[in-house]
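See structure below.
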Amino acid sequence: MSAKAANSQSILSDMQPSRAIVKLAIPATLALLAKAVYNLVDTAYIGMLNSDIALTAVGVTVPLLLIMVSIENIFAAGAAVLAGRQLGAKDTGGASRTVTTVIGISMIIGVALCVGGIAFIDPLMRAFGASEASLPLAKDYAFWMFIAALANLPAQSMNCAARAESSVKISSIAVITGAALNILLDPIFMFDWGLNLGVAGASMATTVSQFVTFFILVGFYISGRSVIKIRLGAFRPSWRFIKDVAMIGIPTAVIQICLSVAASLTNIAAASLPQSDEIIAAYGVVQRLILIGCYVIMGFMQGYQPVASYAFGARNEERFHQSVRFALKGALLLTVLVEAVYILLARPLILLFNSNPVIVDYGRWLLTSQMALYPAFGLCYMMTITYQTIGESRYGLFLSVIRQGLFYVPFILILPRLFGIGGIYASQPAADVLTILVCVFSVPAMKCIASKNMQDSPTE
């Protein structure tokens, strides 16, 4: 066994679960926060254009961003869980076949998204809430997002493979390098002293940076330093494989899809209200800020998932339950901290991106209402990941839908019609109350099912 493989196995199998989760979560969180910089930097620089319409146009693309992230996660998250189980069962060859096949499928999907998205860019932007005034700039920004899909999808799969084998350092280096490059390129591409491309320049700079991240990850796997090997001969797609991986990964992806649907419906609800452009602009800023909070929780879960998956694959019940307990406490603590920071600093955070007092006021209340019961997100996400890991993907899928789908959608469709902007403020807290209730009642069943499934079989 190589030194690299021995070190990975030591972290996943021998290190105390709480320490292993934190060790893996810290670089994963930093990498995700660096990824959030892409969106925040674009929003901040676009705010410097002194154009509320430009900010509104970028806000319209938030649902597109969330959809693309969700598609990235369908196979990438599934591969991370399945490869983690295979490594736990000492099946390194199986893990390599899983990851190689998922990366190949991701490349094919990336091409399809790029071509299809550009072909239907006009109706897509209108569907996401673009007005006649914001449509041209929204299309300029979205065009380069579709180009970026060529790199983003396979890069996410490689990131998940690195996470499954605990090689989070290279993932962090790749994403942080791309984020730093984006900060440098944005003003060069956007402003008149550079290429003077405006909103399109911001998106183009992000795309260039994401391709750099992709090539760094490709270099890591080509070098042979990884435990999981990517080889052309290991690419073995089949409908059964696609189904198995997708069933594991879909719950995580559905969370992102529901976030996208919720953002689109919120934009549509706002479009019927007075000062709709200002509300949509404020909501776009708020959504990008919330992504930071999401990435903090997701980073922690990226530390938890490989430890839990490995323990499940090795049928180590005690270690698995220790991981679950620590992850549950950690998710709740982190969401409470994020909630407190955002509520206490809501106004100055919005001011970082726009000084229009109307947008700042809407943004302050939108951010406060969105974060009022934020532990619902952490609890629901943690339990979705756990149900995926133990082979109960259907219930994981149900949990992934409830917060922003099953519960939020009816509230956002009804309450704004009755109470105007107050209905938008009330929709998320109302959905979160119901989400917490469902998750609390699901915890005991999760423990029993995990024990039973580990005794029956370590794989899906």
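The values are calculated or read from the model by the stated rules, or taken from the named source; none is laboratory data. Source: prediction; values computed, not measured. No Cβ is skipped: glycine too gets one built from the backbone with ideal geometry, and neighbour counts run over all protein chains shown. Accessible surface areas use protein heavy atoms only, side chains included; no ligands, DNA or RNA. Shrake-Rupley method; radii C 1.70, N 1.55, O 1.52, S 1.80 Å.
Observations, loosely collected:
- Any hit, region 221-228, residues being without any contact (Cβ under 8 Å) to a residue 40 or more places away in the chain and either crowded, with 16+ Cβ neighbours inside 10 Å or polar (S, T, N, Q) (or both): yes
- Ile350 satisfies every condition listed in (1) surrounded by fewer than 21 Cβ atoms within 10 Å (Cβ to Cβ); (2) aliphatic (A, V, I, L, M); (3) in contact with a Gly (Cβ under 6 Å, 6 or more places away or on another chain) except (1).
- Filter result (open to solvent by 10 Å² or more (accessible area, probe 1.4 Å) and closer than 13 Å to Pro416 by Cβ) within region 256-282: Leu265, Ile268, Ala269, Ala271, Ser272, Leu273, Pro274, Ser276
- Test: residue in region 201-210 that is among the polar types (S, T, N, Q), more than 25 Å from Gln302 (Cα to Cα) and not in a helix (DSSP H, G or I): no
- Test for Ala327: is it open to solvent by less than 30 Å² (accessible area, probe 1.4 Å), under 30 Å from Thr368 (Cβ atoms), part of a helix (DSSP H, G or I) and without any contact (Cβ under 8 Å) to a residue 60 or more places away in the chain: no
- Boolean, Ala431 is at pLDDT 90 or above, assigned to a helix (DSSP H, G or I) and either more than 22 Å from Met298 (Cβ to Cβ) or not basic (Lys, Arg) (or both): yes
- Qualifying residue in region 331-346 (condition: part of a helix (DSSP H, G or I), modelled with pLDDT under 90 and either of a type in the set (Lys, Arg) or out of contact with any helix residue (DSSP H, G or I) (no Cβ under 9 Å at 6 or more places or on another chain) (or both)): no
- Residue among Ala314, Ala308 that is closer than 23 Å to Val99 by Cα and either open to solvent by 20 Å² or more (accessible area, probe 1.4 Å) or touching an Asp or Glu at 6+ places or on another chain (Cβ under 7 Å) (or both): Ala314
- Tally, over region 71-90, of residues that are surrounded by fewer than 24 Cβ atoms within 10 Å (Cβ to Cβ) and on the phi < 0 side of the Ramachandran plot: 2
Rundown of residues vs (1) more than 26 Å from Met383 (Cα to Cα); (2) free of Cβ contacts under 8 Å to residues at least 40 places away in the same chain; (3) touching a Gly at 6+ places or on another chain (Cβ under 8 Å); (4) small (Gly, Ala, Ser), yes/no style:
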site	(1), (2), (3), (4)
Gly233	yes, yes, no, yes
Arg236	yes, no, no, no
Asp244	no, no, yes, no
Ile250	no, no, yes, no
Asp277	yes, no, no, no
Ala281	yes, no, yes, yes
Gln287	no, no, yes, no
Leu291	no, no, no, no
Cys294	no, no, no, no
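- Residue check: Val37 meets all listed conditions (1) modelled with pLDDT under 80; (2) over 28 Å from Trp193 (Cα atoms) but one, namely (2).
- In the set Arg403, Arg417, Arg364, Arg394, only one residue is open to solvent by less than 50 Å² (accessible area, probe 1.4 Å), part of a helix (DSSP H, G or I) and among the charged types (D, E, K, R); that residue is Arg403.
- Count - residues of region 104-149 that are touching a residue at least 60 places away in the same chain (Cβ under 8 Å), open to solvent by 10 Å² or more (accessible area, probe 1.4 Å) and either among the basic types (Lys, Arg) or closer than 29 Å to Gly224 by Cα (or both): 3
- The combined condition, being at pLDDT below 90, closer than 24 Å to Ile53 by Cα and touching a Leu at 6+ places or on another chain (Cβ under 8 Å), is fulfilled by Met125.
- Of everything in region 421-460 that is of a type in the set (Gly, Ala, Ser), open to solvent by less than 20 Å² (accessible area, probe 1.4 Å) and within 17 Å of Tyr283 (Cβ to Cβ), the residue that is farthest from the chain's Cα centre (by Cα) is Gly423.
- Looking only at region 38-78, residues that are out of contact with any Gly (no Cβ under 9 Å at 6 or more places or on another chain) and of a type in the set (S, T, N, Q) come to 3 in all.
- Remark: pairs (first residue in region 340-356, farther than 21 Å from Tyr45 by Cβ; second residue assigned to a loop (DSSP other than H, G, I, E, B); Cβ separation under 8 Å; 6+ apart in sequence or on different chains) = Tyr342/Tyr374; Ile343/Ala372.
- Only a single item in (1) surrounded by fewer than 24 Cβ atoms within 10 Å (Cβ to Cβ); (2) closer than 14 Å to Ala57 by Cα; (3) out of contact with any Phe, Trp or Tyr (no Cβ under 7 Å at 6 or more places or on another chain); (4) not β-branched (Val, Ile, Thr) is not met by Lys169, and it is number (2).
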